[in-house]
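Only one structure is covered here, and it is reproduced in the block below.
What follows is calculated from the coordinates using simple rules that are stated; it is not laboratory data. Model, not experiment: these values are computed from the prediction. Note that we place each Cβ from the backbone using ideal geometry, even for glycine, and neighbour counts take in every protein chain shown.
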Amino acid sequence: MKKTRLAAVATGVVLAAATQLAAAAKGPDYTYADARYLYTDGTSGNDFTGNGAGVDISFGATKMIFLKFGYQHDQFDVGGITSDIDADTFLIGGGAHFAVMKKLDLVGSASYIDTEYTNGIPSRGDDGYLVSVGGRSLVTKSLELNAFVSFDSRRNPVNTDNHNTIYSIGGVYKLTREFSMVAGISHGDLADQYGIGVRLGF
């Protein structure tokens, strides 16, 4: 009887440990919704600043594939233009992620992106594609760090330059199972951008 109880206890301990290890090995989540405030500052030679807000949605369609959708509204103050420029940006795309280590994913995505400008310049739209590659790492159970390199083919309201390369780093700090704080900075050929917001996980 004692042997049976000891075996049951040992089995329970082993199963609990295995469960904890499986949970610890889980990588970053790919089903969530972000809401952010964004500040944009034009880099050298690009005289503009901007304030905006955006919503990003990611949906883990399969174990390795995710879909992404986004909307962002910005208001730019451009040197030499008396009124602000409004920009509405829509994004739809998808990507894949691969676990290269227990808590580190290699991530790649491709999206169609469209921006409509109004007010300070003749109304026009610019569309193109956005390709990103990078990594997401769970540094601790609550903290994720990420880094990406992106290529944006669109033009911009200041000039008609294309081929904007963007380098970005960010973090996600989990407050509860459902809610997290998110923050990030990016540097591109045209502008630097700073963002902070909240994430709702599903």
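Just to check I understand the Karplus step: with θ = phi - 60° and J = 6.51 cos²θ - 1.76 cosθ + 1.60, what whole-Hz values come out for the stretch 94-109, glycine and proline as x?
Once θ is set to phi - 60°, the couplings for the stretch 94-109 become x, x, 9, 9, 10, 7, 8, 9, 4, 10, 10, 10, 8, 10, x, 8 Hz.
What nm value, rounded to one decimal, do you get for the distance between residue 198 and residue 37 when each label is placed 7 Å out toward the C-beta?
That separation, rounded to one decimal, is 1.3 nm.
When the Karplus curve 6.51 cos²θ - 1.76 cosθ + 1.60 is applied with θ = phi - 60°, which whole-Hz ³J(HN,Hα) does each residue of the stretch 47-52 get, with x for Gly and Pro?
Once θ is set to phi - 60°, the couplings for the stretch 47-52 become 8, 7, 10, x, 10, x Hz.
How many percent of all Cα-Cα pairs in the stretch 28-201 sit more than 26 Å apart?
Numbers: 4247 of 15051 pairs.
Tail of the P(r) past 26 Å holds 28 percent of the pairs.
Taking the number of other C-beta atoms within 10 Å as the exposure measure, put 41, 34 in order starting with the fewest. The partial results should precede the final answer.
Working: 41 12, 34 19.
With the fewest neighbours first, 41, 34 line up as 41, 34.
So for the pair residue 100, residue 143, with labels modelled 7 Å out along Cα→Cβ, what separation do we get in nm?
A separation of 2.1 nm, rounded to one decimal place.
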